[in-house]
Every structure is written in C-alpha cells, then in structure tokens.
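Readers should treat all values here as calculations from the given coordinates under stated rules, not as data from a laboratory. Owing to the predicted nature of the structure, the values given are computational and were not obtained by experimental measurement. So basically every Cβ, Gly included, is an ideal-geometry build from the backbone, and we count neighbours across all protein chains shown.
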Amino acid sequence: MVSKNSRSSSVAESSSTPASGFRGRVISAGDTQVSNANIANIITAIRILVAPVFLWMVFIDGGEDGVWRWVAALLFIAAIATDGIDGALARQRNLVTTSGILLDPIADKVLIGGALVALALVSDLPWWVVVVIMTREIGITLLRFFVLANRVIPASRGGKLKTILQAITVSSWLVPTWVLLGDWVGVLNWVLMGLVIVITLVTGVDYLVKAFRAPESTP
C-alpha cells in the first residue's frame, strides 16, 4: 500500500505545470501540464465506480453464498488491490494532481465502507461494527481535508497496517470460504475483524494526537 501523505508531498516536490481541467499529460512522464484525467486518477475513479457494482452483486442472489457472492468478492479484491498502483504511477510519471490527492483516500473509504454496509445489509456483520469503523474513517478524512489542511502529518506505519488489514479482513468476510472449509472460517473472520476494530480506533487516536501537535506548513 502507498502512503497518501507521500502522494500529497509529491505536489510540493513536483516541478510540473499544475493540472488544469482535462488538458495535458495522461500517461507520459514529464514536466508539462498534467490532465486531471490522467491514468493514476482514472484508476482511482474506477475503484470508486466498482463499489456499487459489487454491492449489487452481493444482493443479486438474495445475500446467499452463491456464484454472485464469489464474483462480488473477487471484484472487490481486484479493486482494492489497485490501491497503491495509482499513487505509484502518479509519482513515477509526475502525474500528481490535487484531484488525485482528494480522490485517493475517498476511493479506499468507498470500497471498504461499501463492503461493510453490504455485509451488514445481508446480516453477515452487525451494524455497530460498520458504525465504529466508518465513523473513524469519515471523521479523520473530514478532519484532514477541512481542519488540518495547513498541517503536515507524517505517515504512520499503523495507518498503512490498518489499510492492509482492513482489505484482508473484508475480503475474507466477502469470500464465502466457509462453504468449502467449514465454520472455523467464521471464527477466524471475527478474530480478524476484532483486530481491525482495535487498530482502526488506535490509529485514529494516534492521528489526532499527531495532528494537533504537528506544526503548520508554510506556503
């Protein structure tokens, strides 16, 4: 997974002409104007658009553990696996844009949040789990964009671990492997979800502490 802060810091380090609408470079590396519709942003947007598709797939067979549940799970795994590819492309090809910085964390939240909501709606996951995780995620995202925009918050290993663990856990909950392997998979899933809840809350508190201690950035 790639740090969102590292993608953000690339804006300041980049010598390219800032993005202006959809004109400019889309794939090629360079220092000229960058299009907001560049390859990195397109990958990010696809992650967002995939969310309602796999949500529909979870419900198409009435929430049963049939073929569509497997397809939905595989689609989620493919989409969440692209996390990091967009940021790496943006940095390597000098395609960093403000819109990409804004969309990247939102795409993660939409994917993870959409999957959690889907699991709750088919009664596989209690709603309180969804509320706890998404309150932290949405709250920190809003805080980062609207309150702490002028502060530089260093990336934490805990934040990266949280994202990886969330992706693994939600994937495990979506894939109905218990149909093949037995009920012990459900126990494993709850252990993983417990770890997700703990690390999500701990990293949220850690972010708040670092945020309000961090110095304000200078223009």
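Quick one: if the Förster radius is 25 Å, what FRET efficiency do residue 172 and residue 135 give, using the C-beta to C-beta distance and rounding to 0.05?
On the way: r = 22 Å, r/R0 = 0.89.
After rounding, the FRET efficiency stands at 0.65.
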Inset, instruction - In nm, give the distance between the simple-model label positions of residue 188 and residue 64, each being 7 Å from the Cα along the Cα-to-Cβ direction. - result: 2.5 nm
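Suppose R0 equals 30 Å; then what is the FRET efficiency for residue 142 and residue 121 from their Cβ-Cβ distance, rounded to the nearest 0.05? Let's see the in-between values first.
Working: r = 24 Å, r/R0 = 0.81.
Approximately 0.80, to the nearest 0.05.
Ranking 134, 193 by Cβ neighbours within 10 Å, fewest first, what do you get?
Details: 134 16, 193 22.
In order of increasing Cβ crowding within 10 Å: 134, 193.
Taking other Cβ within 10 Å of each residue's Cβ, how do 137, 64 sort, fewest first? Walk me through the intermediate numbers first.
Numbers: 137 20, 64 12.
If I rank by nearby Cβ atoms, fewest first, I get 64, 137.
Multiply the residue separation of residue 28 and residue 197 by 0.36 nm, subtract the distance between their alpha-carbon atoms, and state the gained length in nm to one decimal.
Working: separation 169, 0.36 × 169 = 60.84 nm, distance 4.05 nm.
Length gained, residue 28 through residue 197: 56.8 nm.
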Legend entry - Cross-link reach list, aspartates and glutamates versus residue 160, counting only Cα pairs under 20 Å and skipping chain neighbours closer than eight places: 83, 86, 104, 108, 137, 206
